[in-house]
Amino acid sequence: MRPISNQRFNAFAAYCRSPQALAIAEEILWFEADDSRIVATIIRDRPDSEFAGIILGRDERERYRWINATEFFKSKIQARAALRAKIEEIIPILEQHRKQGDNDKKPVDFFTPLKKTKQPLHQSFLNLTNLEGFSPAKEIIEPMMRWHEDVDGNFVEQFQTTGFDSRIWELYLFSLFTEAGFIIDKSSAIPDFSCSGLAGEFCAEATTVNPSRDKKGKIVPPPPIETEEEMEAAIRDYFPIKFAGPLTEKLRKRYWERENVQGKPFILAIQDFQTPTAMTLTRDALPIYLYGYRQADDWSMEDPKFERVETHQWGTKTINSNFFSFEGAEYISAVIFNSSATISKFNRVGLQAGFGSDRVRLFRFGTVCKTENGNPHITEYAHYVSEDAMVETWSEGLEVFHNPRAIHPLPMEMLPDAAHHFMPDDGLMRSRLPDWLPTQSFTHIEVEELPPQPDDNELF
C-alpha cells in the first residue's frame, strides 16, 4: 500500500463518487496497492471527526467501485493501520470482489481498432495509441472510458476515425463536470450531458468548430495570419463567423423544449478545432460574437471604449452578431470554452497523476492571466510539467460567458473554479477570474533516450 496524490486517486475513482458522500465525509489520504488493482482513501467523518478506510477495486467492466471498508476510529493512524490490514486480507481473494452483480456488459474499450469501420483511423488517434509521448494521456483516459455509456452507438468509431477532436472535447467535459462534483445521467442521448449535484442541476451540449471544406470535401485552409492587421481582421470577423456555424446549428435544435432540460440552466460547450492551434488564437473572438461588442479603435487602459458590432463579414459571407440576442437564445444560460482543453491537457494531467512512460517529458509554455492582489495581468510562462508542480485541474483554463438574457441563469457556484464573464449594456465586460487563467497553451513532448547499455563482453 503506497500513498498517492488526490489527483491520481481521482483519475481512478472520481467517476464512482457520490456528491453527497463529500458532504458528510472528507477524504484526507489516498493509496494504491497490488499494481493499482486496488485504490483506497482515508475519510474523516465530518459530524463525528472519526476516521475510516474505503477500498475500491475493479468490477467486471474494469470500473473502480467500492468493495470494502474499515470500521471508524478515533485517529487516522488507527484507520490507516486497519486499512493496510484489510487490503492485505482482500488481495488474495480480489477476484471475488470484482463481481458486483449488476454488470452484463463488456468493458468499454476506446483503443482497440474496430474491424467494421470503413473510415481510416484518425492520425491523432494513432498518435495517442502508438506514440510513447502520448502514453500519459492514453493511460488516464483508460479508467475514464470504463464509465462511458455510448448512448449514441457511434462514440468509439468516431473517436477512432472522423470525430476524434469532438469526442476528445466530450471526454474533457465529462472529466470537468465530474471534477466539479456532478453525477452525469446518460439515460438519454440528448443533450450530451445532464448533470446533478449538491449545487443543483444543469444540462450541456457539446459542439466544435471544424475545418472549412469545399464542395469536393477538401479542407480549405484559414486565411493567412502573419501581421497584426491580419490577426485583428480575423478576430473581428473571420473567427466569429466560424463560431456562428456550430452555435446557431445547436440553437435551432431547441434542446430546452425537451422534458429532461426544461426548467434547468442549459449550456453550450464549444471548442475550436479548425486548425491544430486554432483555440489559442480565437479566444478573443468568441465574446465578440456572443455579445456583439468589440474593443474600439481608440481604446486605452485609461479610457476603455467599446463599440457595438451588428454584423460580421468575410468575403461574400455576412452574418449577424450578438448571438445571445437571437430568438430562442434566452434559453441558453451560458457558453463555455477552454483554449487549453485538447489532447495535450490529457497528457499533462496524466503525467502529473503518475501515468505514462517514465521517459516522457512535457514542456508547457504560453501566456496566462494572473491575478495578484486583485489585479489581473497577462504574462508569459514556461515550465516542465511534473508531479511536484502546481496541480493542473480539468477546470483550469475554463471560461464561462454568461447570457445576460438567460431565463435560467447558470449559478457561478456550479463551476466555481472557472473564469466567469458578464456583459452589461455598456459593453465593458465584468469578470470573476481565478488566480491562474491560461490564455494560450502549448506543450512540447520529449521522450528521453535510455542510457547506453554495456555490451555483454564488457561485463567480464
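Odds and ends about this structure:
- Relative compactness, the stretch 1-120, computed as alpha-carbon Rg over 2.2 N^0.38 Å: 1.22
- Taking the longest Cα principal axis of the chain as reference, the axis of helix 343-352 is set at about 40 degrees.
- Residues of the stretch 228-258 with amide N under 20 Å of the 7 Å Cα→Cβ point at ASP284: 228-244
- Model label sites at GLU327 and LYS305, defined 7 Å from Cα along the beta-carbon direction, differ in position by 3.6 nm.
- Helix 239-252 axis, angle to the chain major axis (alpha carbon atoms, nearest 10°): 70
- Computed from phi, the 3J(HN,Hα) profile of the stretch 307-315 under the Karplus parametrisation 6.51, -1.76, 1.60 (θ = phi - 60°) reads 10, 6, 10, 8, 9, 10, 10, 9, x Hz, with x in place of Gly and Pro.
- Considering only alpha-carbon pairs that sit under 8 angstrom and 6 or more positions apart, the relative contact order computed for the chain is 13 percent.
- Summary: within the chain, the longest segment free of GluC sites (Glu not before Pro) located in DSSP loops with at most 14 other C-beta atoms within 10 Å is 72-148.
- Long pairs among LYS118/LYS218; LYS118/LYS216; LYS86/LYS138; LYS118/LYS138, criterion Cα-Cα beyond 22 Å: LYS86/LYS138; LYS118/LYS138
- In this entry, the chain is assigned a mean projected area of 29.0 nm², taken as a quarter of its C-alpha convex hull surface.
- Using alpha-carbon coordinates, inclination of helix 76-90 to the longest axis of the chain, degrees: 70
- With a Förster radius of 25 Å applied to the C-beta separation of ASP35 and ASP109, the computed FRET efficiency comes to 0.80.
- Unit charges on C-beta of K, R, D, E only; dipole of the chain, Debye: 1400
None of the figures in this text is laboratory data; all of them are computed from the coordinates on show. Remember, it's a predicted structure, so these values are computed and weren't measured experimentally. Note that we place each Cβ from the backbone using ideal geometry, even for glycine, and neighbour counts take in every protein chain shown.
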